1. Highest GNM mean-square fluctuation, the chain, Cα pairs closer than 10 Å: which of Ala70, Ala82, Ala124?
2. What number comes out for the charge environment of Ser12, summing +1 per Lys or Arg and -1 per Asp or Glu over other residues with Cβ under 15 Å away?
3. Compute a Gaussian network model of the chain, connecting alpha carbons closer than 10 Å, and tell me which residue from Gly80, Gly100, Gly34 fluctuates the most.
4. Name the aspartates and glutamates eligible as straight-distance cross-link partners of Lys81: C-alpha to C-alpha under 15 Å, and not fewer than 8 places from it in the same chain.
5. Three principal axis extents, largest first, for the C-alpha atoms of region 9-120, in Å?
6. Using +1 at the Cβ of each Lys and Arg and -1 at the Cβ of each Asp and Glu in the chain, identify which of Leu115, Pro142, Cys17 lies farthest towards the dipole's positive end.
7. For the chain, what is the mean residue ellipticity at 222 nm derived from helices alone (per DSSP H run of n ≥ 4: -39500 (n - 2.57); sum divided by total residues; nearest 500 deg cm²/dmol)?
8. For every other residue with a beta carbon closer than 9 angstrom to the beta carbon of Val95, add +1 if it is Lys or Arg and -1 if Asp or Glu, then tell me the sum.
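What follows draws every value from the coordinates through simple rules; no lab data is involved. Note that this is a predicted model, so its numbers are computed, not measured. Virtual Cβ from ideal backbone geometry, glycine too; neighbours counted across all protein chains shown.
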Amino acid sequence: MKQQPASPSIESRLRQCGMRMTPQRLAVAELMLGAPTHMMPQEVYEILHQQLPSLSPNTIYMTLDHFEQAGLLKKIFIDGKAVFDSCTDRHDHAVCRNCGTIRDVPCGSIEHTPLTLKRWHIHAESRVWSGLCPACSEMEKPS
Ligand SMILES: [Zn+2]
Ligand SMILES: [Zn+2]
């Protein structure tokens with residue numbers, strides 16, 4: 001695979017996490033870590049499959065999970081579907097119920113885990129604001 005100018009920093013981020021470099025991992029990393037994004041494994045597969053026809057959906061799932069365990073990505077659930085988020089800081093999401101656009105929403109200070117969750121092992125907490133994005137609400141306006 002040819003080296004792109006953006007590669008060295010992404011490559012070194014993977015190396016810092018002790019990850020062995022493979023063309024598959026590099027392709028996933030360039031797609032997911034190059035710019036802020038939220039993607040479902042299926043979307044990642046559809047994009048990368050054109051570049052690397054040998055990629056299987058299973059490899060994509062495993063690579064994304066691997067990245068999540070290494071702390072490079074965050075796994076969130078929206079409508080019960082796993083979505084991988086390139087921003088690993090704590091934040092909420094707004095989701096457009098028409099076009100599926102996902103927007104990051106900054107959230108306030110870290111709240112304490114509610115007492116009812118005392119016996120749970122909580123990995124993450126995020127709120128989903130559901131509604132229509134500006135483009136979709138514009139379309140829904142009666143003319
Ligand atoms: Zn929308
Ligand atoms: Zn996000």
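1. Ala124
2. With Lys, Arg at +1 and Asp, Glu at -1, the neighbours total +2.
3. Gly80
4. Answer for Lys81, where 15 Å is the Cα cut-off: Glu43, Asp65, listed by chain and number.
5. 47, 37, 26
6. The residue sitting farthest along the positive end of the dipole is Cys17.
7. For the chain, the value works out to -11000 deg cm²/dmol.
8. Taking every Cβ under 9 Å from that of Val95, the sum is +1.
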